[in-house]
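Structure first, commentary second.
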Amino acid sequence: MRDELGVPHIYADTQADLFRAQGFVQAQDRFYQMDFWRHIGSARLSEMFGESQFETDQFLRALGFADIAADELETMPAGARRILEWYAEGVNDYLATQSGAGMSLEYAILPLQAPGYEPEPWTPIHTLTWAKIMSWDLSGNFRDEIARVVLSDSLTAAQMDQLYPPYPPDHPVIVPADLETARAWPSGDIPTGALEALLSVAKGSRLVDSLTGGGFEGIGSNNWVVDGSLTVSGMPLLANDPHLAIQMPSIWYEIGIHCNQPVDCPFDVVGFSFPGTPGVVIGHNATIAWGVTTEAADTQDLFIEKINPDNDLQYEVDGQWVDMDVRTETIDIAGVEPVSYEVRTTKHGPIISGLFGSLDDFETVETGYPDAFAVSLSWQSLQPSTLVEAILGINRAGSWEEFREAASKWDIAAQNLVYADVEGNIGYQSTGEIPIRTDSNGLWPVSGWASSNDWDGIVPFDDMPFIFNPERGFIETANQPVLDRGASPLIGIDGAYGYRAARIEEMIVANAPHTAETFRSMQLDSKDGGAIDLVPALLAVEADRPEVREIKGLLEDWTLGLEGFQARADSAGAAAYQATWRHVLLMTFEDDLPLDYRPTGGSRWFEIIANLLTRPDDSFWDDKRTEVTEEMSDILAKAMLAGHSELRALLGSNPEAWRWGDLHTAEFENQTLGQSGIGPVEWLFNRRAAHDVDGGPSIVNATGWTVTEGFQVDWVPSMRMIVDLGDLTASTSVHTTGQSGHAFHGNYADMIGLWTEGRQHPMLWLPADVEAAARNTMVLIPDTG
């Protein structure tokens with residue numbers, strides 16, 4: 001049964017029927033999205049999109065996700081494997097009923113790029129490879145390793161410390177404890193020639209990120225849970241809103257899966273899944289609820305490998321040349337001949353540098369790899385995973401103990417899991433396979449030729465931090481560090497700087513006792529924590545220019561009252577602040593940092609600027625492109641002037657009519673065809689929010705934008721959910737676009753209005769409520785042979 005928003009609730013007598021039906025209905029609504037995602041995971045994009053995706057496939061083939069998924073399936077317990085197989089059967093049952101544009105409108109256009117393309121049957125491997133891509137999307141700390149190397153090439157050690165400041169001591173960690181921050185690679189110690197290899201890794205990462213929407217600095221998620229001591233009902237409430245790239249259709253798919261006979265079919269759960277994946281990733285069952293945020297975990301290390309100059313298939317280990325593992329990969333490319341080439345792997349992992357070349361290069365060059373150094377990646381996601389078992393186990397869990405047992409299998413895409421149950425308990429569990437490092441802390445690449453840098457196993461699950469029924473009555477996670485500085489185990493050092501976490505904690509305490517409505521209001525809070533430090537400094541600037549006075553007047557009004565510092569769409573003060581903030585960052589750092597490593601505007605930059613405000617003559621304030629030496633007050637005045645000029649050009653000459661929402665617009669773009677450059681195609685598939693959006697990066701209502709790109713929204717709270725453990729029928733949810741992936745379907749974009757207005761719909765639970773809300777009912781009859 002589907003309600004008016006297209007959210008299906010599936011009722012079945014057996015597990016086989018339940019998951020076949022889930023595969024069928026998700027393919028019915030989102031097959032093109034599933035097809036695209038599986039081609040990313042299997043590094044076969046060139047089959048769909050031709051030469052334009054050849055380099056992306058090259059990079060992804062080195063990671064070998066499809067081969068790992070095959071090994072994973074082989075070792076998976078029979079019960080989980082059967083669920084994947086049943087799900088695949090359901091997808092294929094749907095495919096047997098459709099062809100061409102009947103599957104999705106995109107297939108009417110795709111032949112222009114890939115003549116003759118026909119989707120192949122779905123297999124469990126396709127589900128598992130997408131899990132690897134999501135892990136890549138959520139585990140990008142290697143990007144920080146590269147950034148540190150690139151920046152240290154031109155900055156002093158003291159300046160590097162300024163750009164990577166310590167976590168603010170007045171901001172909350174998740175589980176109180178102290179982290180060691182010594183460098184594995186002091187500035188200047190990266191071998192000559194290794195920087196070029198690292199930059200090629202960065203290029204490959206950006207190619208993948210452009211498809212998945214990952215790689216945004218500061219992107220994260222919120223979740224929090226309170227026990228009955230802080231609620232009106234006396235029972236727990238749980239909230240979650242994961243932050244992911246803005247896209248069309250939504251990354252999430254709402255669903256309920258229910259067994260009619262729970263003895264042999266133990267699933268009765270509602271929430272959010274990924275198209276192509278059985279079960280529910282975030283949601284609740286009859287007993288427990290759970291939410292996730294990306295953990296500030298360091299699960300990846302880059303190893304710089306020294307290559308034998310006489311044999312590029314060997315690398316050095318402790319003074320000896322060791323043979324690499326070598327395999328041949330063949331990429332099929334729509335419209336041209338396939339290309340075969342070798343992929344190299346060291347004991348640390350696959351070599352992911354130096355992978356790129358045009359098709360012409362592959363036809364004419366036979367010289368192998370000219371690199372003196374290469375970069376390999378160590379990462380547990382390159383091993384068979386038990387993530388599917390974890391998700392299915394959480395779906396069935398009925399207690400804290402069963403929840404933790406299932407969470408122990410959440411090995412990749414490390415997450416902060418918050419928990420609540422109908423007995424009144426709340427909890428938190430840190431997940432993921434965290435490497436044990438001996439001679440490094442994961443902040444910098446390490447030399448692969450010294451075995452002392454190798455990992456010494458994985459942190460045992462029993463040593464991972466958790467919380468159960470804390471005395472203070474609440475838990476909040478917002479991608480901040482799990483532990484205090486110096487605590488053990490070392491989970492990770494890079495993460496959010498706690499501005500969202502501090503604001504959530506402040507609101508939990510101040511707004512108690514809570515209801516589902518107070519939680520929904522918290523999710524929409526747009527208070528800009530970075531502005532609290534910067535605005536007083538801006539107001540203190542002495543400047544005679546009328547434009548600066550106008551900006552200061554708007555900022556002063558913006559700070560007043562309970563709504564002070566709120567980045568509301570209808571606020572002139574918010575527009576004045578955000579434009580000024582953009583120019584403060586650009587004017588301070590454009591002359592110091594390489595193009596790809598300039599400020600993004602997230603919480604790390606909040607903290608960098610907060611610290612610089614205490615150093616008004618710091619060298620970063622000086623614009624080296626001018627003949628004078630600027631100090632802080634000069635840059636702040638210039639930033640207000642530049643912000644005024646930009647706002648005048650974009651929004652008109654009347655400052656009182658400026659609105660943050662007129663700048664901060666949300667365009668939901670189809671992942672493949674939405675940026676085709678063909679107007680009619682983009683019109684078909686893209687949708688712009690009718691209402692402008694509040695918020696910004698490192699704000700609880702986290703609608704991200706990138707300082708170097710402009711004010712447009714590029715990542716969002718991809719869904720919002722509130723679960724009331726006192727009355728599950730009072731739970732609510734929403735995601736960004738709509739359930740359907742079909743461009744002319746009524747459920748393609750019907751959640752955009754709900755989402756932009758901050759509203760949520762009932763998260764239907766009881767069978768009677770589901771039946772009453774049903775707008776159509778589909779009966780799938782099993783084929784009994």
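The values are calculated or read from the model by the stated rules, or taken from the named source; none is laboratory data. This one's a predicted model, so the numbers in the text were calculated from it and none came from an experiment. Cβ coordinates were reconstructed from backbone atoms using ideal geometry, including for glycine residues, and neighbour counts include every protein chain displayed. What goes into the accessible areas is simple: the full protein's heavy atoms, side chains included, and nothing from ligands, DNA or RNA. Shrake-Rupley method; radii C 1.70, N 1.55, O 1.52, S 1.80 Å.
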Any residue in segment 426-445 that is open to solvent by 10 Å² or more (accessible area, probe 1.4 Å), farther than 30 Å from Met721 by Cβ and modelled with pLDDT of 95 or more?
yes
Taking first residues from segment 756-768 that are among the β-branched types (Val, Ile, Thr) and second residues anywhere that are open to solvent by 80 Å² or more (accessible area, probe 1.4 Å), the pairs with Cβ under 6 Å that are 6 or more apart or on different chains are Thr756/His691
Scanning for something modelled with pLDDT under 95, in contact with a Ser or Thr (Cβ under 8 Å, 6 or more places away or on another chain), in a helix (DSSP H, G or I) and among the β-branched types (Val, Ile, Thr), does segment 113-136 turn up at least one residue?
yes
Pairs under 9 Å by beta carbon, first residue without any contact (Cβ under 8 Å) to a residue 24 or more places away in the chain in segment 294-305, partner buried (at least 24 other Cβ atoms within 10 Å of the Cβ) and in a strand (DSSP E or B), six or more apart or different chains?
none
Which of the numbered conditions does Ala96 fail, given that it passes all the others? Conditions: (1) closer than 27 Å to Asp209 by Cβ; (2) without any contact (Cβ under 8 Å) to a residue 40 or more places away in the chain; (3) open to solvent by 10 Å² or more (accessible area, probe 1.4 Å).
(1)
Can you tell me how many residues within segment 531-585 are surrounded by fewer than 20 Cβ atoms within 10 Å (Cβ to Cβ), among the β-branched types (Val, Ile, Thr) and under 17 Å from Leu613 (Cα atoms)?
2
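Listed here are the residues, each with its yes/no results for (1) open to solvent by 20 Å² or more (accessible area, probe 1.4 Å); (2) of a type in the set (S, T, N, Q); (3) in contact with an Asp or Glu (Cβ under 6 Å, 6 or more places away or on another chain); (4) at pLDDT 65 or above.
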| position | (1), (2), (3), (4) |
| --- | --- |
| Val175 | yes, no, no, yes |
| Arg183 | yes, no, no, no |
| Gly188 | yes, no, no, no |
| Thr192 | yes, yes, no, yes |
| Leu195 | yes, no, no, yes |
| Lys203 | yes, no, no, yes |
| Val208 | no, no, no, yes |
| Gly214 | no, no, yes, yes |
| Gly220 | no, no, no, yes |
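Where in segment 588-678 are the helices (runs of 4 or more DSSP H), entirely inside, with at least 1 residues that are among the aliphatic types (A, V, I, L, M) and free of Cβ contacts under 8 Å to residues at least 24 places away in the same chain?
Because the criterion is at least 1 residues that are among the aliphatic types (A, V, I, L, M) and free of Cβ contacts under 8 Å to residues at least 24 places away in the same chain, the helices (runs of 4 or more DSSP H) in segment 588-678 that meet it are 632-651.
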Mind checking whether some residue in segment 734-756 is among the charged types (D, E, K, R) and in contact with a helix residue (DSSP H, G or I) (Cβ under 9 Å, 6 or more places away or on another chain)?
no
Just for segment 763-773: of the residues that are over 13 Å from Gly6 (Cα atoms) and either touching a strand residue (DSSP E or B) at 6+ places or on another chain (Cβ under 6 Å) or not in a helix (DSSP H, G or I) (or both), which one is most open to solvent (accessible area, probe 1.4 Å)?
Leu766
The lone condition Thr706 fails out of (1) more than 25 Å from Gln480 (Cβ to Cβ); (2) surrounded by fewer than 22 Cβ atoms within 10 Å (Cβ to Cβ) is (1)
Could you figure out which of (1) modelled with pLDDT under 95; (2) surrounded by 19 or more Cβ atoms within 10 Å (Cβ to Cβ); (3) in contact with a Ser or Thr (Cβ under 7 Å, 6 or more places away or on another chain) isn't true of Ala157?
(2)
Return the pair list, or none, for Cβ contacts closer than 7 Å from residues in segment 220-232 that are aromatic (Phe, Trp, Tyr) to residues that are in a strand (DSSP E or B), at least 6 apart or on different chains.
Trp224/Ala239; Trp224/Val418; Trp224/Phe474; Trp224/Ile475; Trp224/Glu476
Out of (1) more than 20 Å from Ile251 (Cα to Cα); (2) open to solvent by less than 10 Å² (accessible area, probe 1.4 Å); (3) outside any loop (DSSP other than H, G, I, E, B); (4) of a type in the set (Gly, Ala, Ser), what's the single condition that is false for Gly23?
(1)
Within segment 318-344, residues being out of contact with any Asp or Glu (no Cβ under 7 Å at 6 or more places or on another chain), of a type in the set (A, V, I, L, M, F, W, C) and over 16 Å from Leu63 (Cβ atoms) number 3
Please enumerate the residues belonging to segment 487-506 that are crowded, with 21+ Cβ neighbours inside 10 Å and outside any loop (DSSP other than H, G, I, E, B).
Tyr499, Arg500, Ala501, Arg503, Ile504
Search result, residues across segment 732-782 that are among the hydroxyl-bearing types (Ser, Thr, Tyr) and under 19 Å from Cys259 (Cα atoms)
Thr777
Residues located in segment 446-478, provided they are over 28 Å from Val375 (Cα atoms), open to solvent by less than 50 Å² (accessible area, probe 1.4 Å) and part of a loop (DSSP other than H, G, I, E, B):
Met464, Pro465, Pro470, Gly473, Ala478
Say whether the condition of being at pLDDT 95 or above, among the hydroxyl-bearing types (Ser, Thr, Tyr) and touching a helix residue (DSSP H, G or I) at 6+ places or on another chain (Cβ under 9 Å) is met by at least one residue in segment 389-404.
no
Do we have Leu780 as assigned to a loop (DSSP other than H, G, I, E, B), in contact with a strand residue (DSSP E or B) (Cβ under 8 Å, 6 or more places away or on another chain) and touching a residue at least 12 places away in the same chain (Cβ under 8 Å) here?
no
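Among the residues of segment 746-762, write down those that are assigned to a loop (DSSP other than H, G, I, E, B) and among the aliphatic types (A, V, I, L, M).
If the condition is that a residue be assigned to a loop (DSSP other than H, G, I, E, B) and among the aliphatic types (A, V, I, L, M), then Ala749, Met751 are the ones that fit.
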Enumerate the pairs (first residue in segment 254-266 and more than 22 Å from Thr277 (Cβ to Cβ); second residue anywhere and among the aromatic types (Phe, Trp, Tyr)) with beta-carbon separation below 8 Å, excluding pairs fewer than 6 apart on the same chain, so at least 6 apart or on different chains.
Asn260/Tyr11
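Report, by residue number, each residue of segment 520-558 that is within 25 Å of the chain's Cα centre (by Cα) and either small (Gly, Ala, Ser) or farther than 19 Å from Gly696 by Cα (or both).
From segment 520-558, those within 25 Å of the chain's Cα centre (by Cα) are 520-531; that's our starting set.
Of everything in segment 520-558, those that are within 25 Å of the chain's Cα centre (by Cα) and either small (Gly, Ala, Ser) or farther than 19 Å from Gly696 by Cα (or both) turn out to be Ser521, Ser526, Gly529, Gly530, Ala531.
Conditions tested, residue by residue: (1) closer than 20 Å to Leu211 by Cα; (2) surrounded by 21 or more Cβ atoms within 10 Å (Cβ to Cβ); (3) of a type outside the set (A, V, I, L, M).
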| position | (1), (2), (3) |
| --- | --- |
| Leu673 | yes, yes, no |
| Gly677 | yes, no, yes |
| Val681 | yes, no, no |
| Arg688 | yes, no, yes |
| His691 | no, no, yes |
| Ala702 | no, yes, no |
For Tyr315, state whether it is buried (at least 24 other Cβ atoms within 10 Å of the Cβ), more than 30 Å from Leu211 (Cα to Cα) and at pLDDT 95 or above.
yes
Within segment 714-731, is even one residue at pLDDT below 95 and assigned to a loop (DSSP other than H, G, I, E, B)?
yes
Scanning for something at pLDDT 95 or above, in contact with a strand residue (DSSP E or B) (Cβ under 8 Å, 6 or more places away or on another chain) and within 30 Å of Arg437 (Cα to Cα), does segment 496-515 turn up at least one residue?
yes
